[in-house]
Every structure is written in C-alpha cells, then in structure tokens.
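Asker: Before I ask anything, let me first share the structure, which is written out below as structure tokens.
The values are calculated or read from the model by the stated rules, or taken from the named source; none is laboratory data. In this text the structure is predicted, and so the values were computed from the model without any measurement. When we count neighbours, we look across all protein chains shown, and the Cβ atoms used for this are built from the backbone with ideal geometry, even at glycine.
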2 protein chains.
Amino acid sequence: MSTAPPLSPTARSTVRRGAKRARTDRAELYAVLDAGLVGHLGVVLGDAPVVLPTGYGRDGDTLYLHGSTGAATLRAAAAGAPVCFTVTHLDGIVYARSAFHHSVNYRCAVVHGAARLVTDPGERLHGFEVLTEHLAPGSWSATRQPDRRELAATALLALDLAEASVKVRTGPPGDDEADLATPVWAGVLPLRTVVGTPESDPLLPEGVPVPERVLSRQV
Amino acid sequence: MSTAPPLSPTARSTVRRGAKRARTDRAELYAVLDAGLVGHLGVVLGDAPVVLPTGYGRDGDTLYLHGSTGAATLRAAAAGAPVCFTVTHLDGIVYARSAFHHSVNYRCAVVHGAARLVTDPGERLHGFEVLTEHLAPGSWSATRQPDRRELAATALLALDLAEASVKVRTGPPGDDEADLATPVWAGVLPLRTVVGTPESDPLLPEGVPVPERVLSRQV
C-alpha cells in the first residue's frame with residue numbers, strides 16, 4: 001500500500017534533488033513519533049472513516065493511545081477493528097517557480113494495524129504513565145496518580161509498530177529544469193513549533209512556582 | 001456521531017470551567033480551516049482506514065483537496081467513497097494537579113462527506129488557484145501557471161462543508177475540586193507555529209530577492 005502523502009502534485013513527479021523518500025529505519029520512525037504530541041487516529045465506523053486527533057505515547061515498538069470508554073471510535077478500535085494512526089510534522093512551506101511545484105517539507109509516520117485493548121492493571125498503569133510522560137515529561141511522579149474512577153472511565157489501547165512507515169520531504173523545490181532561469185524567488189520558508197510563557201491556573205494557591213519540568217520544556 | 005477528540009481521559013469527564021465545547025458556527029469552522037496548512041484525509045481502502053496528510057484550500061463551503069492521480073486514497077475518494085478530513089491546531093499543553101487531567105488545548109475541524117472529482121477545466125484551474133493561494137498567498141499569479149502535463153497528473157477533489165463540526169478546548173486544567181489545594185503547579189504551556197528565515201534555493205539566479213509575500217508571511 002502506498003503511503004505517499006498526497007500533499008502536492010509533486011508527490012507523483014520525479015523529485016529533482018532527492019528530497020523526498022520513504023524510510024523504514026526504526027530510529028527515524030521513533031524520532032518522528034517521539035517528536036509529536038498528537039496524532040490522527042482513523043477508524044472505520046459503518047462504512048465511513050472517522051479521523052480524530054488523539055494523544056499517544058511510545059514504549060519500544062508499542063504505541064499507547066487512550067480515550068474515553070464512551071467514544072465510538074475508541075470502542076471500535078478496542079474491539080479489534082483496523083486502525084491507521086498518523087503523526088505529521090510540518091517543517092516548511094516550499095515556494096517554487098511554478099504553481100504546481102509548490103509543496104511542503106514534512107516528516108510523517110503512518111502506522112497500520114489492529115489495536116489491542118489493554119486490560120492488565122499493571123500494563124494499564126504503565127501505559128498511562130507513558131502517555132502522561134510523553135505529553136508532559138516529569139508530570140507522572142509530580143502529580144496525583146489516577147484513582148479507580150478515572151481508570152474505569154478510560155480505555156487504553158496498544159498499537160504495535162510492526163506495520164509502520166515514514167515519509168520525509170526536505171530541501172528546496174523540485175522545479176522543472178526549464179523553469180530554473182525564471183527570475184521568481186524559490187526556496188523554503190521554515191516552520192517550527194515553539195512554546196510560550198507558562199500561564200498559571202488562576203486557581204493555583206499563592207507561592208506555587210512554575211517547575212523546571214515546565215520551564216525547560218521544548219517541543 | 002460524536003466527534004469528540006479522544007485527546008485525553010478528560011474528554012469524557014465534566015469540564016469544570018466550560019473549557020471545551022463543540023461549535024457549529026460557520027465563522028469558527030472557516031477560521032479553523034483557514035488557519036491550517038495540512039489536514040488529515042481518511043479513506044477506507046479494503047476494510048481498513050488510511051489516514052494521510054493532505055494539502056487543501058477553502059472557497060466558501062467547498063474544500064478543495066488535490067493529489068496524484070496515482071494515489072490509491074485519492075482514487076478511492078475520487079470514486080465517491082466516504083471520506084473524513086480533519087484539521088487540528090495544537091494550542092497548548094495543559095498541566096494538571098492530577099496525571100489524568102493533563103490535556104491539550106486545541107482547535108479541530110472535522111468534515112465528513114463524499115468528495116466530488118472536479119472535471120470542469122474552469123473549476124479545476126480555480127481549485128488549483130485556491131490550493132496554491134492557501135499554501136502560499138500571492139504565489140499563483142507570481143509563478144508559472146500549470147501546463148497540460150501537470151494538470152493531467154493531478155486530481156482535484158471538492159468536499160462540501162455541509163457535514164462539519166468544530167471542537168475547541170481552551171483554558172486551564174479541569175482538575176477535581178479535591179485537588180485544587182495541592183501545591184502542584186497547574187496551568188497551560190502555550191504552543192504556536194512560527195516561521196523562520198526564508199532559505200533561498202541554491203539554484204536561484206543571483207539577484208532574485210525574497211518577495212514581500214514570503215517575507216511578510218505568517219502562519
């Protein structure tokens with residue numbers, strides 16, 4: 001199955017300068033997954049796809065996903081329906097000399113498979129820790145642990161990374177040779193995600209400082 | 001159908017401070033779509049979902065998507081299969097006093113429907129202009145227009161926004177009352193996407209300046 005992201009018309013054409021390629025290297029897959037905070041989970045409900053943003057965390061070759069036990073998508077995935085989980089980073093806008101060679105630089109991981117509903121209490125707690133630490137490193141041990149009611153309301157899914165692929169596009173546009181002399185600017189406008197100043201909860205008791213785990217956070 | 005993103009266990013629980021809600025306002029739907037560059041297109045292939053990052057542009061209540069005529073997902077969508085197209089913005093990491101109330105602030109638009117393969121040459125050219133201008137404002141008129149070969153290689157899909165919803169989460173964590181006195185920092189670490197310095201294509205002829213449409217670009 002092709003997982004070429006149909007990001008632009010150039011997805012089909014030959015890329016002049018080796019800018020785009022599918023990669024199967026595990027380290028690169030891990031890097032793309034670990035750098036994201038939210039992926040997009042696709043599940044089939046009836047005969048239609050549903051794609052929703054979903055939090056996750058990775059432990060080795062297992063991706064943990066969680067969600068409300070009341071969500072139809074999670075229930076379908078928990079019942080063993082095939083899923084697709086995609087994590088995309090947008091790294092730049094590619095300006096070309098021709099309209100059609102405009103594109104984006106990106107890194108994208110696509111995972112296919114059937115998720116497993118985690119029921120073992122020990123693995124469930126471990127999975128929730130992985131999820132929490134992925135979203136907010138240092139938070140698991142610094143905050144109140146989940147209680148019985150919270151655990152009951154939340155489904156934990158495990159998705160194996162056996163069937164996963166990575167696509168990366170980097171570098172300048174892939175304009176046609178014939179367009180290279182055109183006096184039109186071409187290049188890349190890089191994009192990145194940055195963190196702002198932490199906003200304390202107005203209900204915070206006085207004197208509770210912003211912890212280092214938040215102050216030093218990069219994404 | 002619920003489109004509640006299963007972003008965190010709090011998706012099910014009562015949110016203390018009206019932070020999360022589904023919205024149906026058209027202006028808000030447009031705003032979320034217009035602020036994004038890439039969405040995630042879900043299509044069913046066989047009996048399994050496939051979710052891929054996909055460029056888009058909006059014209060009124062029509063979302064234009066494009067891709068290679070060789071991509072299986074695009075072919076399925078062009079044939080009228082139901083699709084789901086989701087655009088998500090991550091606005092912040094929500095740190096709570098309890099592990100389970102950690103969450104994210106986000107804006108998410110979910111569009112369901114069957115796409116229409118655009119075949120009219122005039123609408124096709126218009127759709128490609130919408131797509132190009134969405135990705136790179138000002139680029140359509142500044143760069144070479146698509147030729148016959150490029151047009152032939154690219155499918156243009158139109159997706160009506162009739163069945164679309166928006167979910168937004170903002171504000172501080174929704175911790176339990178019993179946890180509020182805990183001396184653990186809680187609040188939001190805002191996230192935003194910023195543009196870097198334009199990187200000119202090394203093959204650019206000397207003396208071609210970075211145009212204002214790129215220099216002034218915000219995302």
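Asker: Take the stretch B:128-150 and flag every residue that is assigned to a loop (DSSP other than H, G, I, E, B) and either surrounded by fewer than 16 Cβ atoms within 10 Å (Cβ to Cβ) or at the interface with another protein chain (Cβ under 9 Å from one of its Cβ atoms) (or both).
Answerer: Listed by number, the residues that qualify are B:136, B:137, B:143, B:145, B:146, B:147.
Asker: Residues of the stretch B:156-178 being closer than 27 Å to residue A:218 by Cβ and either facing chain A (nearest Cβ under 7 Å) or aliphatic (A, V, I, L, M) (or both), which ones?
Answerer: Passing the criteria: B:168, B:172, B:173.
Asker: Here is a follow-up. When the stretch A:178-219 is examined, which residues are found to be more than 30 Å from the chain's Cα centre (by Cα) and in contact (Cβ under 8 Å) with a residue 60 or more places away in the chain?
Answerer: A:179, A:180, A:182, A:184, A:185
Asker: Right, here's the next one. Only one of B:173, B:198, B:211 is more than 30 Å from residue B:80 (Cα to Cα), surrounded by 16 or more Cβ atoms within 10 Å (Cβ to Cβ), touching a His at 6+ places or on another chain (Cβ under 8 Å) and not hydroxyl-bearing (Ser, Thr, Tyr); which?
Answerer: B:173
Asker: OK, next. Is it the case, given these coordinates, that residue B:91 is buried (at least 16 other Cβ atoms within 10 Å of the Cβ), in contact (Cβ under 8 Å) with a residue 12 or more places away in the chain, at the interface with chain A (Cβ under 9 Å from one of its Cβ atoms) and at negative phi?
Answerer: Considered against the rule, which asks whether it is buried (at least 16 other Cβ atoms within 10 Å of the Cβ), in contact (Cβ under 8 Å) with a residue 12 or more places away in the chain, at the interface with chain A (Cβ under 9 Å from one of its Cβ atoms) and at negative phi, residue B:91 comes out as no.
Asker: Mind checking which residues of the stretch B:44-53 are in contact with a Leu (Cβ under 8 Å, 6 or more places away or on another chain) and under 17 Å from residue B:80 (Cβ atoms)?
Answerer: Selection gives nothing.
Asker: Can you run down the residue pairs with Cβ atoms below 6 Å, 6 or more apart or on separate chains, where the first is in the stretch B:139-150 and of a type in the set (Ser, Thr, Tyr) and the partner is part of a helix (DSSP H, G or I) and surrounded by 12 or more Cβ atoms within 10 Å (Cβ to Cβ)?
Answerer: B:139/B:132; B:143/A:99
Asker: Assigned to a loop (DSSP other than H, G, I, E, B) and at pLDDT 95 or above: is that true of residue B:204 in this structure?
Answerer: Against the criterion (assigned to a loop (DSSP other than H, G, I, E, B) and at pLDDT 95 or above), residue B:204 qualifies.
Asker: Within the stretch B:188-219, how many residues turn out to be more than 7 Å from chain A (Cβ to nearest Cβ), of a type in the set (S, T, N, Q) and over 28 Å from residue A:216 (Cβ atoms)?
Answerer: 1
Asker: Same structure again: Checking residue B:64 against (1) closer than 30 Å to residue A:114 by Cβ; (2) at pLDDT 95 or above; (3) touching a Gly at 6+ places or on another chain (Cβ under 6 Å), which single condition isn't satisfied?
Answerer: Of everything listed in (1) closer than 30 Å to residue A:114 by Cβ; (2) at pLDDT 95 or above; (3) touching a Gly at 6+ places or on another chain (Cβ under 6 Å), residue B:64 misses just condition (1).
Asker: Can I ask one more? Condition check: at pLDDT below 95 and within 7 Å of another protein chain (Cβ to nearest Cβ). Does residue A:153 satisfy that?
Answerer: yes
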